[in-house]
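Asker: Handing you this structure, nothing more for now.
Each value in this text was obtained by applying a stated rule to the coordinates, not by laboratory testing. Note that the coordinates shown come from a computational prediction; the quantities given were computed from them, not determined experimentally. Every residue, glycine among them, receives a Cβ derived from its backbone with ideal geometry; neighbour counts consider all protein chains shown.
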Amino acid sequence: MVIGGGFAGFYAMRRLQKLLGGKAELVLVTASDYLLYAPLLPEVANGVLEPRDIAVPYRQALRGVRVLVGRVRQLDLAAHTIGLDCPEEGQVDLRWDRLVIAPGSVTRQFDIPGLHEHAHGMKTLREATYLRDHIIAQLDHADALPDGPENDDERRRRLTIVAVGAGYTGTELVAQLQFWVSRVTGRWGRLDPSQVRWVLVDVAPQVLPELGSRLGAPSADSAGGGSRFGSG
């Protein structure tokens, strides 16, 4: 049995298929019925890819594996038993002989005021599609505001997009969305791409700290056209 349907759980099951195919019952416990290729979530958020393009159905990719969509309710390592809450089967209790635990990770919540209350995550297909629709809605609202200094503050707020985290996901998300918005603002009569303000926030002094200063610093310095990088 493998708990977790991310990359680790999926490839562990693929390996077990090769080693034990037909000799043992293989069970995958996962929160969804598909493998999500998370590195391409920014492309879903900006509309380049459809959600189905980065989702691989387990029952198609893991033929002969019993896939249980649900969450672990109880796990007894001594008795080799597990209790699951499944939306279709209800409560399911099973015994296992060998267990692989690979439940994945959760989004880190830094101590940034307002982040937990107002920010939207980007870890699932639902969050990526919501982000795309939300940005379009803000562009709609900004374009519909009447002209006049009394509406300048609201227009500026609706056209300011803040991303927290300048690692791979955050930096790519801002870059992809910036390119996408520059292509679609022509749909609105009174918006210009230069009006959209992009803010990328991280505790590190540069973007993409994993790549080192040589590759990260030029990305931060080249942020122009309404872009800004903030650290601290």
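Asker: If amide H atoms are built 1.01 Å from N in the plane of the peptide, which residues on other chains or at least 5 residues away come under 5 Å of the amide H of residue 34?
Answerer: Counting only residues 5 or more places away or on other chains, the set is 58.
Asker: Placing +1 at every Lys and Arg Cβ and -1 at every Asp and Glu Cβ, with all other atoms neutral, what dipole size does segment 115-231 have around its Cα centre, in debye to the nearest 20? Could the numbers behind the result be given before it?
Answerer: Numbers: 13 positive and 15 negative charges, 56 e Å.
Charge dipole of segment 115-231: 260 debye, to the nearest 20.
Asker: List the residues whose amide H sits under 5 Å from the amide H of residue 207, counting only those 5 or more places along or on another chain, with H placed 1.01 Å from N in the peptide plane.
Answerer: Amide H neighbours of residue 207: 220.
Asker: Another one. In percent, how large is the relative contact order of segment 115-231, given Cα pairs closer than 8 Å and 6 or more residues apart?
Answerer: On the way: 122 pairs, mean separation 26.8, N = 117.
Relative contact order comes out at 23 percent.
Asker: Hey, what did segment 2-101 get for relative contact order, percent, Cα under 8 Å, at least 6 apart? Working shown, then result.
Answerer: Numbers: 142 pairs, mean separation 26.3, N = 100.
Over segment 2-101, the number comes to 26 percent.
Asker: Can you put 169, 30, 107 in order of Cβ neighbours within 10 angstrom, beginning with the fewest?
Answerer: On the way: 169 17, 30 23, 107 12.
Placing the least packed residue first, the sequence is 107, 169, 30.
Asker: If you don't mind, another one. Given that just one value was derived from the coordinates, which of (1) 45, 40, 35; (2) 44, 38, 38; (3) 71, 40, 31 is Cα extents along the principal axes in Å?
Answerer: (3)
Asker: Just rank 198, 96, fewest to most, by other beta-carbon atoms within 10 angstrom.
Answerer: Numbers: 198 20, 96 17.
Taking fewest neighbouring Cβ atoms as first place, the list is 96, 198.
Asker: Applying the Karplus parametrisation 6.51 cos²θ - 1.76 cosθ + 1.60 with θ = phi - 60° to the phi angles of segment 87-100, what ³J(HN,Hα) value in whole Hz is obtained for each residue in order, glycine and proline being reported as x?
Answerer: Rounded to whole hertz, the list is x, 9, 8, x, 7, 10, 10, 9, 10, 9, 9, 10, 10, 10.
Asker: If you don't mind, another one. Going toward the positive end of the dipole of the chain, with +1 on Lys and Arg Cβ and -1 on Asp and Glu Cβ, which of 188, 1, 24 do you reach last?
Answerer: Ranked along the dipole, the leading option is 24.
Asker: Can you compute 3J(HN,Hα) from phi for each residue in segment 151-167, using the Karplus curve 6.51 cos²θ - 1.76 cosθ + 1.60 with θ = phi - 60°, rounded to whole Hz and x for Gly and Pro?
Answerer: Coupling constants for segment 151-167: 10, 5, 5, 5, 4, 5, 5, 5, 9, 10, 10, 10, 10, 9, x, 9, x Hz.
Asker: While we're here: Whole-Hz Karplus ³J(HN,Hα) for segment 208-214, in order, using 6.51 cos²θ - 1.76 cosθ + 1.60 and θ = phi - 60°, x for Gly and Pro?
Answerer: 6, x, 5, 8, x, 5, 5
Asker: So who's got an amide H within less than 5 Å of the one on residue 49, skipping anything under 5 residues away but keeping other chains? H placed 1.01 Å off N, in plane.
Answerer: Amide H neighbours of residue 49, under 5 Å, 5+ apart: 44.
Asker: Rounded to the nearest 5, what % of DSSP beta bridges with both residues in the chain are antiparallel?
Answerer: Taking every DSSP beta bridge within the chain, about 45 percent pair in antiparallel fashion.
Asker: Rounded to the nearest 20 Debye, what is the dipole magnitude of the chain about its Cα centre when Lys and Arg each give +1 and Asp and Glu each give -1 at the C-beta? Don't skip to the answer; put the middle values down first.
Answerer: Values: 26 positive and 27 negative charges, 193 e Å.
It works out to roughly 920 debye.
Asker: So for the chain, averaging the separation of alpha carbon pairs under 8 Å that are six or more residues apart and normalising by length, what relative contact order in percent results?
Answerer: Values: 330 pairs, mean separation 38.4, N = 232.
Taking the mean separation of contacting Cα pairs over the length of the chain, I get 17 percent.
Asker: Under a GNM of the chain (C-alpha, springs under 10 Å), which listed residue has the highest mean-square fluctuation: 102, 166, 79?
Answerer: Comparing 102, 166, 79 in the GNM, the peak value goes to 79.
Asker: While we're on this one: Could you work out [θ]222 nm for the chain from helices alone, using -39500 (n - 2.57) per DSSP H run of at least four and dividing by all its residues? Round to the nearest 500 deg cm²/dmol. Each step should come with its number before you reach the end.
Answerer: On the way: 8 runs with 80 residues, N = 232.
Computed ellipticity for the chain at 222 nm equals -10000 deg cm²/dmol.
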